[in-house]
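Step one of this worksheet: look at the structure below.
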Amino acid sequence: MAIKQAKVITVTSVKGGTGKSTTALALAGLLSNRKIKTIIVDMDLHSGVISATLNLKINKDFYTLVNDYMNHNLKELDEYIVKYNDYIDVLSAPKDPRSVGKISSYYIDLILKKLKYRYDVILIDTNHIIDDINLITFDNSDDIIYVLTSDLMDLKNMKTMLAIYKDMGLKNYYLVLNESLSQDHVDLYSINSFLEKNIDYILPSNYYLKNMKKLIMQGKIFTLEKQYQKEKGTAVLNQLLDNILK
Ligand SMILES: Nc1ncnc2c1ncn2[C@@H]1O[C@H](COP(=O)(O)OP(=O)(O)OP(=O)(O)O)[C@@H](O)[C@H]1O
Ligand SMILES: [Mg+2]
């Protein structure tokens, strides 16, 4: 019998501030609503926001885990992980960003492989930079979600990235246009024509939640709150999950 391994879903972008972390948290909430055991791994190692957004108290983080691994002093994985609710665990980005330079991608690979045996889904938040950390993360991912806005630089960088994916013959990515954080409205036809690739999902402009700051202060994931479960944007993210998990 094959051993079940987690589905690895990575949320990334080609530009900062497009709504990656918010989308990753929203997806975690939806997975929790489905009772799917999920770990959010905050691979935005220099400036991760997941544990702070969720008001989690962190003793150990990604760096502690790597450091203990390197020094043959690895404890139970649970010691490095913080529980948010019955279905969502979190592996936090390093509290001290100065330690990130000491994390080798070799250990990132080992850690992700270890986590695959413990969860149904590994949900990874990243930054938008193409470095060794993100490349090894992408290599370990089943599905990669690009959250982009209609900002021209975002579209231009996305076009370059699509060319790279084409060169590598990889198709395991989805394009999610986040209209809720887009400054200018550009029509979908123009975006698809420019990218020479269709946008897969659209988070509508009215998915911009006025209450977001309050929810963050309270450490809440909005997709776990009843009032946001009927939003069109939530339905879109559920469709994306249906497609990934099918
Ligand atoms: N749907 C939304 N409604 C209201 N505010 C939002 C929404 N989505 C994101 N934001 C806010 O916009 C800002 C950027 O979002 P977020 O942090 O998710 O982007 P990011 O791509 O992860 O950024 P970074 O590149 O810095 O990691 C944050 O302050 C976040 O709270
Ligand atoms: Mg982020």
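The values are calculated or read from the model by the stated rules, or taken from the named source; none is laboratory data. Remember, it's a predicted structure, so these values are computed and weren't measured experimentally. Here Cβ is always computed from backbone atoms with ideal geometry, including for glycine, and neighbour counts include all displayed protein chains. Areas reflect the complete protein model, heavy atoms only, side chains present, ligands, DNA and RNA absent. Shrake-Rupley method; radii C 1.70, N 1.55, O 1.52, S 1.80 Å.
Judged by the mean number of other Cβ atoms found within 10 Å, the most tightly packed of the peptides 124-135, 180-191, 161-172 leads the ranking 124-135, 180-191, 161-172.
For the range 167-184, the Karplus equation 6.51 cos²θ - 1.76 cosθ + 1.60, evaluated at θ = phi - 60°, returns couplings of 4, 7, x, 9, 10, 8, 9, 10, 9, 10, 7, 9, 5, 5, 10, 7, 6, 9 Hz by residue, with Gly and Pro reported as x. Bridging of LYS15 to lysines at a Cα separation below 17 Å is possible for LYS156, LYS159, once same-chain residues fewer than 8 apart are set aside.
Let a ≥ b ≥ c be the square roots of the eigenvalues of the Cα gyration tensor of the range 1-72; is it rounded (a/c under 1.5), or, if not, prolate (a/b larger than b/c) or oblate?
Note, shape of the range 1-72 comes out oblate.
Here the 3J(HN,Hα) profile of the range 223-239, calculated from phi with Karplus coefficients 6.51, -1.76 and 1.60 at θ = phi - 60°, is 6, 8, 8, 3, 5, 9, 6, 9, 4, 4, x, 5, 4, 5, 5, 5, 5 Hz, Gly and Pro shown as x.
For the charge dipole of the range 7-245, defined by +1 on Lys and Arg C-beta atoms and -1 on Asp and Glu C-beta atoms about the Cα centroid, which residue among THR149, LEU115, ALA26 has the Cα displaced farthest towards the positive pole? Checked the options; the winner is ALA26. Protection proxy ranking, highest mean first, for peptides 71-77, 13-19: 13-19, 71-77, where packing is the per-residue count of other beta-carbon atoms within 10 Å, averaged. Working from Cα pairs under 8 Å separated by at least six residues, relative contact order for the range 7-245 is 28 percent. Just the protein heavy atoms count here, and of the accessible area of the range 30-174 at 1.4 Å, carbon and sulfur take up 51 percent. Along the range 189-197 the Karplus relation, 6.51 cos²θ - 1.76 cosθ + 1.60 evaluated at θ = phi - 60°, assigns HN-Hα couplings of 4, 5, 5, 4, 5, 4, 6, 6, 7 Hz to successive residues, with x for each Gly and Pro.
With both labels modelled 7 Å from their Cα along Cα-to-Cβ, the HIS46 to LYS4 distance reads 3.8 nm. Extension gain, GLN239 to ASP132, is 35.4 nm, computed as 0.36 nm per intervening residue step minus the present C-alpha separation. Highest mean packing comes first when the peptides 39-52, 223-236 are listed by Cβ atoms within 10 Å, giving 39-52, 223-236.
Given +1 at the Cβ of Lys and Arg, -1 at the Cβ of Asp and Glu and no other charges, the dipole of the range 134-246 around its Cα centre is 440 debye to the nearest 20.
Comparing Cα centroids, the range 1-78 and the range 133-191 end up 21 angstrom apart. Spin-label model, LYS35/MET70: points 7 Å from Cα along the beta carbon direction are separated by 4.2 nm.
How about the range 97-154: which chymotrypsin sites (Phe, Trp or Tyr not before Pro) there are in a DSSP loop, with at most 12 other Cβ atoms within 10 Å of their Cβ?
Sites meeting the loop and neighbour criteria: TYR117.
Over 23 Å between Cα atoms: which of LYS4/LYS230; LYS35/LYS60; LYS35/LYS220; LYS20/LYS214; LYS60/LYS113; LYS214/LYS246 fall into that group?
Flagged as over cut-off: LYS4/LYS230; LYS35/LYS60; LYS214/LYS246.
The residues of the chain expose, per residue, 50 Å² of accessible area to a 1.4 Å probe.
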